[in-house]
Amino acid sequence: MYMQLVLVGNYGVENLGDEALKEYFLNRFTDIDWKVLSANPSEGEYPRLPTGLRSFLTTNWLKTLSVIRRSDGVVFGGGSLFTDVESVFACFLWGCHAFAAMLFRKKIYLAFQGIGPFQTAIGERLSRCVFAHSSVIIVRDASSLERTKSWRKNTKVVQSFDPIYAAINSQNTTVRTQNVLIVIPRKNSGEMFSKRVQNVVKNSKFESAIIVSMEPLNRQEQLTCSHLQASLELSSVIVAVHSIDELSQTLSLGSQIISHRYHGALTALALGKPLEIVSQVEGDKLSSLRAVDQSQIPTLISDGENALCDAF
């Protein structure tokens, strides 16, 4: 049956993990006519709905409303969209897109979502409202499932896992491991992360370090990587990666990995690399990777995909 669905996520900001998730949905569900919303839409994509005066005045978002109105539903495609760990604005932004779907009485699909943690009451309320109006709910970790148990919901919640893991796990990385420390910062990684990396370097005997930038066009990330490099008493290089394949090949070089990014840590897990995860806050998406049973991941991903296929 023909379906036209709107795909919503943190796309178009040059974040490797989010772009990989977008490609997953486009390539895995090829029988769907996808309409992708993006912060910086390329040809064939549509702008996200406005959350500020400047974007509102452009009126480009009117065609996005039209696309939602003509669609069969809105899919929130992967990631941790509904959390206020970095800013409550995220819950407001994605809530606006969900409310547009509600306005036109379209189905809402939460697919492979990390829910929470929450630091504000308004962030949780917005997320709970979207949750209650969703036709399909697939969460990507046990923490999200536990966090939403008390929420009012109209449908069963399926626990799955980030589907990008399967693509990483199937790649053949033949590069020989070297005595290299791989460091994966976030654009907002601060002193805490830098000191942890310095401590690892001090207590180990690495020949060199590779600082991996997964959002290389972001000016703040460029500065963070440069500052981190300057703080290390070790020969190091900054490597920009633009795809999961490039990330996998780069991580294959390392003998140990320390990650402040979710998909960096996920890739290290899939490759079986010694890994230290540095969370932003307790209970965040990175924390969820520490307790995961890797033997269960293929089944969890399959459960999520099957639930989504049945819904479509």
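The values are calculated or read from the model by the stated rules, or taken from the named source; none is laboratory data. These figures come from a predicted structure and were not determined experimentally. Virtual Cβ from ideal backbone geometry, glycine too; neighbours counted across all protein chains shown.
Taking Ala101 and the conditions (1) buried (at least 22 other Cβ atoms within 10 Å of the Cβ); (2) under 15 Å from the mean Cα position of the chain (by Cα), which numbered condition does it fall short on, given that it satisfies the others?
Answer for Ala101: the failing condition is (2).
Could you list, ordered by first residue, the pairs with Cβ atoms under 6 Å in which the first is in the range 219-232 and free of Cβ contacts under 8 Å to residues at least 24 places away in the same chain and the second is of a type in the set (Gly, Ala, Ser), at least 6 apart or interchain?
Gln229/Ser236
Select from the range 12-26 the residues that are modelled with pLDDT of 95 or more and surrounded by fewer than 19 Cβ atoms within 10 Å (Cβ to Cβ) and write down the one among them that is farthest from Asn188 (Cα to Cα).
Leu26
For the range 293-312, which residues satisfy the criterion of being in a loop (DSSP other than H, G, I, E, B) and modelled with pLDDT of 90 or more?
Passing the criteria: only Asp293.
Given the conditions (1) more than 22 Å from Asn306 (Cβ to Cβ); (2) buried (at least 23 other Cβ atoms within 10 Å of the Cβ); (3) acidic (Asp, Glu), and given that Asp141 satisfies all but one, which numbered condition is not satisfied?
In the conditions (1) more than 22 Å from Asn306 (Cβ to Cβ); (2) buried (at least 23 other Cβ atoms within 10 Å of the Cβ); (3) acidic (Asp, Glu), Asp141 misses (1) alone.
Have a look at Phe112, Phe104 and point out the one that is touching a Gly at 6+ places or on another chain (Cβ under 6 Å) and modelled with pLDDT of 95 or more.
Just a single option satisfies the conditions, and that option is Phe112.
Answer yes or no: is there a residue in the range 74-87 that is more than 28 Å from Ser189 (Cβ to Cβ) and modelled with pLDDT of 95 or more.
yes
Taking the residues in the range 189-214 that are outside any loop (DSSP other than H, G, I, E, B) and of a type in the set (S, T, N, Q) as candidates, determine which candidate is surrounded by the most Cβ atoms within 10 Å (Cβ to Cβ).
Across the range 189-214, the extreme among qualifying residues is Ser213.
Taking Val158 as the residue in question, decide whether it is of a type outside the set (D, E, K, R), farther than 17 Å from Gly283 by Cα and outside any helix (DSSP H, G or I).
Yes; evaluated as a whole, the condition is true for this residue.
Kindly check whether there is at least one residue in the range 273-287 that is at pLDDT below 95, more than 16 Å from the chain's Cα centre (by Cα), closer than 30 Å to Val75 by Cβ and part of a helix (DSSP H, G or I).
No - not one qualifying residue is present in the range 273-287.
Within the range 108-128, is even one residue touching a strand residue (DSSP E or B) at 6+ places or on another chain (Cβ under 8 Å), surrounded by fewer than 22 Cβ atoms within 10 Å (Cβ to Cβ) and of a type in the set (S, T, N, Q)?
no
Hey, any hits in the range 258-266 for a residue that's charged (D, E, K, R), within 23 Å of Ser287 (Cβ to Cβ) and either outside the structural domain of Leu21 (by TED's automatic domain parsing) or under 25 Å from the mean Cα position of the chain (by Cα) (or both)?
yes
Any idea which of Leu247, Leu217, Leu266 is in contact with an Asp or Glu (Cβ under 9 Å, 6 or more places away or on another chain), within 21 Å of Glu23 (Cα to Cα) and not in a loop (DSSP other than H, G, I, E, B)?
Leu266
So that you can scan it fast, the table gives a plain yes or no per residue for (1) in contact with a strand residue (DSSP E or B) (Cβ under 6 Å, 6 or more places away or on another chain); (2) surrounded by 17 or more Cβ atoms within 10 Å (Cβ to Cβ):
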{"site": "Glu233", "(1), (2)": "no, no"}
{"site": "His242", "(1), (2)": "no, no"}
{"site": "Glu246", "(1), (2)": "no, no"}
{"site": "Ser252", "(1), (2)": "no, yes"}
{"site": "Ile258", "(1), (2)": "yes, yes"}
{"site": "Thr267", "(1), (2)": "no, yes"}
{"site": "Pro274", "(1), (2)": "yes, no"}
{"site": "Leu286", "(1), (2)": "yes, yes"}
